[in-house]
Amino acid sequence: MARVKLENVTKQYEDVTAVDDMNLEIKDGEFVTFVGPSGCGKSTTMETIAGLTIPTDGGIYIGNENVTRKPPKDRGISMVFQNIALFPHMDVYDNISFGLRLRKYDQEEIDQRVENAADVVQLEGMMDRMPEEMSGGQRQRVAIARAIVRNPRVFLMDEPLANLDAELRVHMRTQLQRLHRELDTTIIYVTHDQAQAMTMSDRIAVINSGELMQVDPPLTCYNEPNNLFVAGFIGSPSMNFVEGQITNSGFESEYMDLPFDPETQGVEPGQDVTLGIRPEDVYLEPTRNQAGTPSKTYDMVVDVLEPMGDEVFVFLLAERGIETSADEMGAGQLLMSVEPDADAQAGQDKQIVIDRDRVHLFDSETEQAITHGLK
Amino acid sequence: MSTDTQNDGDSGRLVMRPLNRLETVSEQVYAYVLLIPAAVLLGFIAFYPLLNTLWFSLLGDDVFSPDPFGEFNGFGNYADLLAGEAQLPQQFLDVGLSGSFPFVEMGTPFLQQALFVTLAFAIISVLFETLIGFGQAYVIDQDFRGRRWVRVAIIIPYALPIVIQAMIFYLMFNPTIGWATDLMQAIGVFGDNPLASSRDSFFIVLVADIWKTSAFMALLILAGLQSVDRSLYDVAKVSGASPWQQFKYITFPIVLPALLVAMLFRTMDAMRIYGLVDATAGCEQVPSMTCLVITALQGSRRWATASAVAFLTAIVIGLLVIVYLIGLRGSEGGVA
Amino acid sequence: MSADDEHPDLAAMEQAQEPDLDRGPVEAWAAKMISNPDRAYRAMFYTATVFFLVTTLFPFYWLFMVAITPGRELSEVGALTPGGFDPTSFITIFTRLPFHRYVFNSFLIATVATVIVLFVASLAGYVFGRLRFRGRNPLLLLVLVTSFFPPAAFFVPLNRLFNTQVAVLEPIMSEGTLYNTPYAIFIPVSAIFLPLSIFILMTFYSQIPDGLEDAARIEGTTRIGALFRVIVPLSAPGVATAGVLTFITVYNEYFFSSLMTDGRPENWAPMLEGILAFQGQYEVDFHLMAAASIVAVLPVAILVIVAQEKIVSGLTAGAVKE
């Protein structure tokens, strides 16, 4: 167990900056997830903590020790990899005990520890199987056993569930949380899947283009995103964004306006802002009471319905004939989620309201958040 | 339970310290450090001698001094070799221009010119080795009982030391012991003493080489054949392709890159033929390029000329390699 | 064919498709063959197999016939029969000359050269196969170019180098030179056959996933440790191929083997010199040379029998495919 500190960590390759001046402190025993789109630098950041990549600049501390130029084997860390990376030429026992044998523990202690680790991940009786004889989930458990058997100070997990099928992934997710509770070790977890990040972590570090966008508990990232990137990345389906301008009477855009007093919201008339509202904070007119502070009513047309079982995604258009793109939501489009029994059919005209308490305003230029919920 | 960092006192040993330092150097530095053993070995045994030989090739011969090198001679040795005027029992290249068709004439017989005899040997041997090797590879690629032993039998000539290979064929064509000369004379191919005739000796060396090296080709082509995805054949069968069509449209195109690589290696080897010639017919009968180097070294102590021949050989091989690389680029999946 | 066995349904479809093949001007004979093409191809296949077996094995058989013919009756050797019967040649070769010593010399030289080549080529193959660094391609080309040169191109400078007295060597070598020592053979052949192994191992090592190397380093090896504990064992077919090819090539090597010693077995003369030593000044004992050859071929023959499957799979997975 130990805290981990990144101090101005930068990793530059010949033409790209993979990690840009990263500062981060992870507390002892904390479960922190690095999340971001692929290529954002989250894996590189983890590799610098592991010692597999030496940062161009900056320092890395584990406990109180500067490990920036220490080889991986001397950092007291262990790691679980995306492609599982079991040694194919060794059986389960040899895989799990590899690190202990390298460190010349005596046989008795090795056996004891391997047994304990196998116990934790429920691998009893599989000690002499070869990796190729095991299922994906079993291999993943071996990889985790290999990582916990050494009692590492810090656990690194690089997309450990990415190669598992959906059902197994959900199951392993709860397993990992239980593991964290039992071991009480610092865990750093990398994923591009924000659902994993939301469900497991104490805090999420959202990373984009090598830069740290926000480090906060999952719900904080969800409810009070620091900027447009975090707002768009966290949450599925994504938050709706409406680009517009502040006038003396509030927010105005091509298809939508929202009256408020600019002064109380900390914005100035003439400022370009982006309004954000999550799909679940949009309501059909008849259910307007469910919103904390319902807004005015907007007239919309139902474009497409996507029933998900427990909820229905309704794609709305501000008026008929708006061009829609397959890739992203454009101007005049809005996504809402409603109860499965809600009355909505494709092609219908519908009136909707949004929850003023759940409206986010972002500065369009700096992309930083201005306010969460209208006052 | 203790955490594991407290337990690695072992890594503090003296040997580990430089290795630990290597852990954190950049990839660039690390690469160069690991290349040191190869660089030392190749440097002393290959690059240094080659540069030395290059320098020797630019000197004159001085056959009577203990260190038989004379004054700096520029490209004189090369010029002599290419003009057929080298002071050697056989010439590297000896052609002149003539007024009538085919406008070139041989200063000495074709098979007594090192460049031609070596090229002829390389082309003919590689051609036959490829064809036979392909046939052999096709056979041992099939599934049948006893395939393991057929495979061993077909590959084994490749493992034969040159000196033994040479001796087998030397004895076979030895007029008193062997039976092959009688046979060849009976069908009118050979003269009285084949091991003393350029043409017959060339043939013997060729047969000996094809016998042994087809196995090597078979090995490399077999590797190519085995990398063909078997399900392609099922697809072909479903669409009604005959075995010949399967070969033509599936096997051959897929094996082609491997085949060209195998031929490249073989050509490079064939262009450097020496041991087999030396131990069968002798360098007088079949003066290959490497033979010429040895004759100049040992026979007449013309070390400078020998060095020049060695470099000319490398240049010719380099040119052939370029031809192959162009061919490989043309065929799909070629060497990068 | 195995494909038929595995996919009876496909074979059935093939049958159904066959009448289509009869299109076009086909002669009666061909039509018959086509109506039963499997049989025709099987016949061709067996013919070819027998032909290749006879042509590759016959020279060995004949060499054996020469070896068991008494020395005086060599001219009686036929194409298929010996000139007499006297298997004592196989004993004489060890009594007249210490032929076993020659074979031992060759065996030792080949083994040491193989170990050196595998070690050095592993490091270089790792670098060229797995690391990104400036100068990779020019260096690789430089390695390739060395194999353009005939061994003779290295000979003069090396011969001088190995005949130079080096003071440091004097305590170890009798005359302070490398001539007449095994070093004079295995050092140059190691260097000359190094490039091939570098190319084979490079291809293999590059195919091992990065994650395994990273995992080994996290678990407690150094980078070099990861190479020898994980990458090399996982590339076993490639390492075996490179090793067997190197061993065979060195054992069979002609040029340096014939020039770097004075031919005496106690001066590390290799097997080649042993065979040639039966060429006396006045008479040549071909039957002894033949017997010696058969003995000398045994180590490599056994190696091929044991390792052939590895070599084929090794070459399949790597080297040639690149």
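The values are calculated or read from the model by the stated rules, or taken from the named source; none is laboratory data. What you see is a predicted model; the values in this text were computed from it and never measured. No Cβ is skipped: glycine too gets one built from the backbone with ideal geometry, and neighbour counts run over all protein chains shown.
Side notes on the structure shown:
- Identity of the residue in region B:50-101, aromatic (Phe, Trp, Tyr), modelled with pLDDT of 80 or more and under 28 Å from the mean Cα position of the chain (by Cα), that ends up surrounded by the most Cβ atoms within 10 Å (Cβ to Cβ): B:PHE56
- Within region A:174-267, strands (runs of 3 or more DSSP E) holding 2 or more residues that are within 28 Å of A:THR48 (Cβ to Cβ) and among the polar types (S, T, N, Q): A:186-191
- Given (1) under 30 Å from B:LYS248 (Cα atoms); (2) within 14 Å of chain C (Cβ to nearest Cβ); (3) touching a helix residue (DSSP H, G or I) at 6+ places or on another chain (Cβ under 7 Å); (4) in a helix (DSSP H, G or I), number of the condition B:ASP143 does not satisfy: (4)
- Flag if A:THR56 is within 14 Å of chain B (Cβ to nearest Cβ) and in contact with a Gly (Cβ under 8 Å, 6 or more places away or on another chain): no
- Candidate set: region C:252-277, residues that are surrounded by fewer than 24 Cβ atoms within 10 Å (Cβ to Cβ) and over 18 Å from B:ILE164 (Cα atoms); chosen: the one farthest from the other protein chains (Cβ to nearest Cβ): C:GLU266
- Enumeration of residues in region A:268-297 that are part of a strand (DSSP E or B) and farther than 26 Å from A:ASN227 by Cα: A:LEU284
- Screening B:GLY240 on (1) more than 17 Å from C:PHE148 (Cα to Cα); (2) more than 8 Å from chain C (Cβ to nearest Cβ) shows it passes everything except condition (2).
- Conditions (1) buried (at least 19 other Cβ atoms within 10 Å of the Cβ); (2) farther than 22 Å from C:PHE278 by Cβ: number failed by B:ASP182: (1)
- A:TYR105 satisfies every condition listed in (1) over 22 Å from A:MET157 (Cβ atoms); (2) more than 8 Å from every other protein chain (Cβ to nearest Cβ) except (2).
- Filter result for A:VAL170 (within 13 Å of another protein chain (Cβ to nearest Cβ) and part of a helix (DSSP H, G or I)): no
- Verdict on A:THR17 being in the same structural domain as A:VAL206 (by TED's automatic domain parsing), in contact (Cβ under 8 Å) with a residue 60 or more places away in the chain and β-branched (Val, Ile, Thr): yes
- Just one residue in the set B:GLN165, B:GLN142, B:GLN185 is in contact with a Leu (Cβ under 7 Å, 6 or more places away or on another chain) and among the polar types (S, T, N, Q); that residue is B:GLN165.
- Cβ-Cβ contacts under 7 Å between residues 6 or more apart (or on different chains), taken from a first residue in region C:193-221 that is farther than 24 Å from A:ARG103 by Cβ and surrounded by 24 or more Cβ atoms within 10 Å (Cβ to Cβ) to a second residue that is at pLDDT 90 or above and of a type in the set (Lys, Arg), are listed as C:TYR205/C:ARG130.
- Residue tally, condition assigned to a loop (DSSP other than H, G, I, E, B) and either more than 7 Å from chain B (Cβ to nearest Cβ) or in contact (Cβ under 8 Å) with a residue 24 or more places away in the chain (or both), over region C:119-139: 1
- Region B:165-192, subset of a type in the set (S, T, N, Q) and assigned to a loop (DSSP other than H, G, I, E, B), residue farthest from C:VAL297 (Cα to Cα): B:THR176
- Residues in region B:146-164 that are assigned to a helix (DSSP H, G or I) and more than 8 Å from every other protein chain (Cβ to nearest Cβ) were compared, and the one that is nearest to B:PHE203 (Cα to Cα) is B:TRP149.
- Selection of region B:48-84 for residues being within 19 Å of B:THR295 (Cα to Cα) and among the hydroxyl-bearing types (Ser, Thr, Tyr) yields B:THR53, B:SER57, B:SER65, B:TYR78.
- Apart from one condition, C:MET173 fits all of (1) modelled with pLDDT of 85 or more; (2) not in a helix (DSSP H, G or I); the exception is (1).
- Residue that is within 14 Å of chain B (Cβ to nearest Cβ) and either surrounded by fewer than 17 Cβ atoms within 10 Å (Cβ to Cβ) or at negative phi (or both), where the choices are A:ILE144, A:ILE96: A:ILE96
- Cβ-Cβ under 7 Å pairs, at least 6 apart or on other chains, region A:63-75 side facing another protein chain (nearest Cβ under 9 Å) and closer than 16 Å to B:LEU22 by Cα, far side acidic (Asp, Glu) and not in a loop (DSSP other than H, G, I, E, B): A:PRO71/B:GLU23
- Unique match (being surrounded by fewer than 22 Cβ atoms within 10 Å (Cβ to Cβ) and in a loop (DSSP other than H, G, I, E, B)) among B:VAL228, B:VAL321, B:VAL286, B:VAL316: B:VAL228
- The single condition from (1) in contact (Cβ under 8 Å) with a residue 40 or more places away in the chain; (2) out of contact with any helix residue (DSSP H, G or I) (no Cβ under 9 Å at 6 or more places or on another chain); (3) among the charged types (D, E, K, R) that A:ARG320 fails is (1).
- Every residue from region C:209-251 that is among the β-branched types (Val, Ile, Thr) and within 8 Å of another protein chain (Cβ to nearest Cβ): C:ILE218, C:THR221, C:THR222, C:ILE224, C:VAL230, C:ILE248
- First in region A:216-240 and in contact (Cβ under 8 Å) with a residue 40 or more places away in the chain, second anywhere and of a type in the set (A, V, I, L, M) and assigned to a helix (DSSP H, G or I), Cβ under 6 Å, 6 or more apart: A:PRO225/A:ALA231; A:MET239/A:ALA231
- Close pairs from region B:130-155: first at positive phi, partner small (Gly, Ala, Ser), Cβ under 6 Å, at least 6 apart: none
- Helices (runs of 4 or more DSSP H) (entirely within region C:1-118) containing at least 1 residues that are touching a Phe, Trp or Tyr at 6+ places or on another chain (Cβ under 7 Å), at pLDDT 85 or above and within 10 Å of chain B (Cβ to nearest Cβ): C:37-67
- Only residues that are within 18 Å of A:MET239 (Cα to Cα), surrounded by fewer than 17 Cβ atoms within 10 Å (Cβ to Cβ) and of a type outside the set (A, V, I, L, M, F, W, C) were counted in region A:308-338, giving 6.
- Each residue in region C:140-159 was checked for being without any contact (Cβ under 8 Å) to a residue 12 or more places away in the chain, at the interface with chain B (Cβ under 7 Å from one of its Cβ atoms) and not in a loop (DSSP other than H, G, I, E, B), and 4 of them qualify.
- Filter pass, B:ASP269 being charged (D, E, K, R) and more than 10 Å from chain C (Cβ to nearest Cβ): no
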